[in-house]
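This report concerns only the one structure given below.
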Amino acid sequence: MEFDLTTVAALLTVVGYSVHDTVIVSDRIRENMRKMRRENLATIMNLSINETLSRTLITSGTAILVTAALFVLGGSVIHSFAFALLVGFVVGTYSSIYVASPIVLYLEGRKSAR
């Protein structure tokens with residue numbers, strides 16, 4: 001795979017997409033923290049991720065499906081762009097669901113331990 005300007009464009013697109021997904025989950029966590037003041041942070045994060053999971057999976061699934069079609073049916077010019085998008089969407093979805101919130105929970109646990 002050649003690293004050219006289209007690959008850079010794909011990487012920037014994926015970063016924006018992933019940040020947007022993470023902001024959606026974080027906003028839901030913030031809303032639930034206001035509603036459930038007595039619950040611990042892990043419970044609130046779990047509920048918030050579960051509430052946004054279907055939205056995240058459906059949105060990412062459609063983007064991955066279209067990008068896979070672009071990868072398979074597109075020509076050699078668009079091949080590296082579609083591949084970078086495809087890998088990025090999968091990794092971005094994974095990080096939005098499984099990485100971002102646990103990092104915040106870990107950092108909050110370290111902060112309260114001090």
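No lab work stands behind these numbers, since they all come straight from the coordinates. A quick note: this is a predicted structure, and the numbers were derived from the prediction, not measured. As a convention, Cβ positions derive from the backbone with ideal geometry for all residues, glycine included, and neighbour counts pool all protein chains shown.
Quick look at the numbers
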item: Nearest 10 degrees, 0 to 90: helix 76-94 Cα axis against the chain principal axis; result: 10 degrees
item: The chain: most fluctuating residue of ASN40, ASN50, ASN32 per GNM, C-alpha cutoff 10 Å; result: ASN40
item: Helix axis angle, 41-73 relative to the chain longest principal axis, alpha carbon, degrees; result: 0 degrees
item: Relative compactness, segment 50-103, computed as alpha-carbon Rg over 2.2 N^0.38 Å; result: 1.28
item: Order of VAL77, VAL19 - criterion: other Cβ atoms within 10 Å of each residue's Cβ, fewest first; result: VAL77, VAL19
item: Excluding exposed DSSP-loop GluC sites (Glu not before Pro) (at most 14 other C-beta within 10 Å), longest clean stretch of the chain; result: 40-114
item: Where trypsin sites (Lys or Arg not before Pro) fall in DSSP loop in segment 11-75, at most 13 other Cβ within 10 Å; result: ARG37, ARG38
